[in-house]
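The values are calculated or read from the model by the stated rules, or taken from the named source; none is laboratory data. Note that this is a predicted model, so its numbers are computed, not measured. Heads up, the Cβs are rebuilt from the backbone with ideal geometry, glycines too, and the neighbour counts pull from every protein chain shown.
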Amino acid sequence: MNRITPEALYRLLPALHRLRDAAEGRPLEALISVLAREGAVIEENIEQLLDNLFIETCADWAAPYIGGLIGYRTLYDIDGDVGNRAEVANTIAYRRRKGTAAVLEALARDVTGWPAHVVELFETTATCQHMNHIRPAHRLAPDLRDPLPLEALGHAFDRITRTVDVRSIERSRGRKSSGGKHHFPNIGLFLWRLVPMSRTRVPAARVDDRRFLFDPLGAPRQLVNRPQPEDSITSISRPVHVPGDISRRALDAEAPLWYGAGRAFEIFVDGEAVPVTRIEACDLSDDGPGWNHSPHAPISAADLAEIEGGAPLVPPANALVRVDPVLGRIAFPNAEDGEVRTTFHVGFPARIGGGEYNRASTLTRDPGQALVLCPSADHPTLQSALDAVRPTGGIVEITASDVFTAAVAIDALAGTELILRAANGICPILRPPGAVRITGGAESRIVLDGVVIGDVPVELMPNPDGESPKSVTLRHVTLIPGLGFSATGDPQSPGATSLDVGMTGVELLIDRSITGPIRMEQTTNAEIRDSIVDAASVPARASAEALAIAGPGGEGDPAGALTIIASTVLGRIFARSFPLVSDAILHARSPDGSPPVRSLRRQQGCMRFSFVPDGSVTPRRYRCQPQLAIDQAIAAAEAEAGGPIAAPQRALIRARIVRRMRPGFTAQSASHPGYAQLRLETPIEIRAGASDDGEMGVYHLLSAPQREANLRIRLQEYLRFGLEAGIFYQT
């Protein structure tokens, strides 16, 4: 269809009218422009109606209507990257293959958005084989001389035979070992919840002249696979198709599956990729003061040239680049003076904090707003780019996933907006020698988006004239809890302040970010949304007793007004007020009996659908745990007794529930892949106690309970009669 333009429509008029219109100042042409604009709207609507006839091009709202034509049943609506388009598009193909393992696997992937693997568990159940269906690979006992298959024991790709277990597999509820698994009518659906977060050509952290770490921040990182596309809808996934952990034995067995362009990881020296023939899997764990199997004996330049040329089929052992994918360590055979960069993937529960994931929806630009790219020939440093946009305000966009070590100070003039952000798909790391100082004039606005800041805190201070900006926004930002990581992944400076707000009257927004302890003035109004605030103590489990949010004076000095939405705070809080706390987890514990979460103003604000530790002094609470469970248990006891119960019995009920009703986390260390992720053993009142029946805390945005519920609904439709399915989370 031809696009309607004012020029094309105007040329349709007779030349006589166009000449007269030109003589009178072109009023008719102006009218035609208005008509053409409205015509373009109608034309676009007609094109969209045509697009809505096909599932590949239709609008999101039209997908359920197309699904209705083939009897598609709608599920829980999930925000984010999980939609019903793929499932609707494949519904007919699914139904033609209903009951097969391949369809169940594809269905689980489409419905939940998580990579999946399906196992028909009768294949791993010990049984006498039928002579008409002999399976030589189905052995009763494993080969103990081959350790590689034994690594999968208890996981998705475990093919070791078990004796029959007649317990119900449906009661597993995501756990790896509970409930009956190996039985003839059982189907196992294994799901990977962690997202593979990429790091592309980032500088490796140098330990010495031969040893390096994949992570530029120096933390030990378990490398995970970058999932490869499956061959067809009828295929069953293999380890290379899911974001599973890469083990040393797996890398040693088939290095080309995990290493190289487009694979899980790659190593570059001065811009040149190290060939896969030089990669050797190795255990580089600590051995006394150094690493195990490191350093190597030096080799000659002639031997190294022969290896890189690929002449011998098996290169000499002392010439190989040794890689430990479990600890994220690299050991070169000789002293390496060149620049070492790495591409790798690590697991993380959600796309929050600084990262290379898609942030296009936040990278807006107003008409006429200045945009300065950095680094560039004109602006080689961040400070020079910030100084260039300071007079009028604008955007400084970082275009390289590098480590920036120069000093950074952000100062916005009155009435301007200054934005420092990473380009989409970029994750820069700022490690300046001193604190990142942010100042601004009256009515100014400052935004940090998509950056990681380590080693130093961020300080929000008044400018020399005593003025403060109107608002400061931290979006998709990581202020490393503890300022950095030690060699073991613990906080480098336990309890050190990550964000110090010395301004008065500023509106602070922390959105989809990770930060350490926060100190702020009482006049600050802060909103924390979809974020983690970590007190960063050592050991990590002690973070609940440390101070996460308070005033500049720490203990006894309250912070400002806190609005906490779908976030997790690890540590104690002392604030002036809580205007709203919703769908959040305030994981705090008092070492001395004082309130772990305390508000000066209890008559202002509300807490709803959140975990608020017992003994806290807060505004009124609505359906908050553990108080809700305590009230319900006491009411049930009084109903059974036919009247009020004694105070000792009430205290006993409270103690029992408080001991049970608390969140459990996979890990509380920011360097761990399961950071702040709720364990499956956490009470269901917390895992599905939010306002929309989702989980409380920062990963409320994932809608994990709704995804599982959607999958169970679909299993009722696609699972063959007589079979039972169990869902097992691998991460």
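Look at the stretch 279-302: where a residue is in the same structural domain as PHE332 (by TED's automatic domain parsing) and over 21 Å from THR342 (Cα atoms) and a partner is hydroxyl-bearing (Ser, Thr, Tyr) and modelled with pLDDT of 85 or more, sitting 6+ places away or on another chain with Cβ atoms under 8 Å, you get ASN292/SER285. Across the stretch 133-174, the number of residues qualifying as farther than 19 Å from TYR729 by Cα, touching a residue at least 40 places away in the same chain (Cβ under 8 Å) and among the hydrophobic types (A, V, I, L, M, F, W, C) comes to 1. Taken over the stretch 610-668, the residue count meeting the criterion of being in contact with a Pro (Cβ under 7 Å, 6 or more places away or on another chain) and either among the acidic types (Asp, Glu) or without any contact (Cβ under 8 Å) to a residue 12 or more places away in the chain (or both) is 2.
Among the residues of the stretch 373-403, those identified as surrounded by 18 or more Cβ atoms within 10 Å (Cβ to Cβ), among the hydrophobic types (A, V, I, L, M, F, W, C) and over 15 Å from GLY425 (Cβ atoms) are CYS374, LEU382, ALA385, LEU386, VAL389, ILE395, VAL396. Scanning the stretch 685-698 for residues that are over 19 Å from PRO613 (Cα atoms) and surrounded by 20 or more Cβ atoms within 10 Å (Cβ to Cβ) yields a single hit, GLY694.
Right, ALA377: touching a Gly at 6+ places or on another chain (Cβ under 6 Å) and farther than 30 Å from PHE265 by Cβ or not? Against the criterion (touching a Gly at 6+ places or on another chain (Cβ under 6 Å) and farther than 30 Å from PHE265 by Cβ), ALA377 does not qualify.
In the condition set (1) more than 21 Å from ASP534 (Cα to Cα); (2) exposed (fewer than 15 other Cβ atoms within 10 Å of the Cβ), ASP592 is compliant with all but (1).
Take the conditions (1) of a type in the set (Gly, Ala, Ser); (2) surrounded by fewer than 23 Cβ atoms within 10 Å (Cβ to Cβ); (3) within 28 Å of the chain's Cα centre (by Cα); ALA407 misses just one of them, which is (3).
Of these, ASP465, ASP455, ASP449, which one is at pLDDT below 90, over 18 Å from SER384 (Cα atoms) and in the same structural domain as THR399 (by TED's automatic domain parsing)? From the options ASP465, ASP455, ASP449, the qualifying one is ASP465. For the stretch 527-535, the count of residues that are over 24 Å from PRO673 (Cα atoms) and out of contact with any Leu (no Cβ under 9 Å at 6 or more places or on another chain) is zero.
Selection of the stretch 461-485 for residues being in contact (Cβ under 8 Å) with a residue 60 or more places away in the chain, in a strand (DSSP E or B) and within 26 Å of PHE214 (Cβ to Cβ) yields THR478, PHE485.
Of all the numbered requirements in (1) surrounded by fewer than 22 Cβ atoms within 10 Å (Cβ to Cβ); (2) more than 18 Å from GLN625 (Cα to Cα); (3) over 18 Å from the mean Cα position of the chain (by Cα), GLY726 misses one, and that requirement is (1). Within the option set HIS155, HIS130, being at pLDDT 80 or above and in a loop (DSSP other than H, G, I, E, B) holds for one residue only, HIS155. Within the stretch 548-575, the set of residues being in contact with a Gly (Cβ under 6 Å, 6 or more places away or on another chain) and either buried (at least 22 other Cβ atoms within 10 Å of the Cβ) or not assigned by TED's automatic domain parsing to the domain that holds ASP592 (or both) comprises ALA548, PRO558, ALA559, THR568.
Residue-level check: of (1) crowded, with 20+ Cβ neighbours inside 10 Å; (2) touching a strand residue (DSSP E or B) at 6+ places or on another chain (Cβ under 7 Å); (3) part of a loop (DSSP other than H, G, I, E, B), PRO220 misses just (2).
Examine the stretch 79-89 for a residue that is crowded, with 17+ Cβ neighbours inside 10 Å, in contact with a Gly (Cβ under 7 Å, 6 or more places away or on another chain), farther than 21 Å from PHE190 by Cα and modelled with pLDDT of 70 or more, and state whether such a residue exists. The answer is yes, given that some residue of the stretch 79-89 is crowded, with 17+ Cβ neighbours inside 10 Å, in contact with a Gly (Cβ under 7 Å, 6 or more places away or on another chain), farther than 21 Å from PHE190 by Cα and modelled with pLDDT of 70 or more. Looking only at the stretch 549-584, residues that are within 24 Å of PRO491 (Cα to Cα), among the hydrophobic types (A, V, I, L, M, F, W, C) and over 24 Å from the mean Cα position of the chain (by Cα) come to 4 in all.
Return the residues of the stretch 22-67 that are touching a residue at least 24 places away in the same chain (Cβ under 8 Å) and either surrounded by fewer than 11 Cβ atoms within 10 Å (Cβ to Cβ) or within 22 Å of ALA8 (Cβ to Cβ) (or both); say none if nothing qualifies. Those that are touching a residue at least 24 places away in the same chain (Cβ under 8 Å) and either surrounded by fewer than 11 Cβ atoms within 10 Å (Cβ to Cβ) or within 22 Å of ALA8 (Cβ to Cβ) (or both): ILE32, SER33, LEU35, ALA36, ARG37, GLY39, ALA40, GLU43, ILE46, GLU47, GLU56, ASP60.
Evaluated against (1) part of a loop (DSSP other than H, G, I, E, B); (2) over 22 Å from ASP455 (Cβ atoms), ILE187 falls short on exactly one condition, (1). Summed over the stretch 438-458, residues that are surrounded by fewer than 19 Cβ atoms within 10 Å (Cβ to Cβ) and not in a loop (DSSP other than H, G, I, E, B) total 1.
Say whether the condition of being among the basic types (Lys, Arg), on the phi < 0 side of the Ramachandran plot, at pLDDT 90 or above and under 21 Å from the mean Cα position of the chain (by Cα) is met by at least one residue in the stretch 504-522. Scanning the stretch 504-522, I find no residue that is among the basic types (Lys, Arg), on the phi < 0 side of the Ramachandran plot, at pLDDT 90 or above and under 21 Å from the mean Cα position of the chain (by Cα), so the answer is no.
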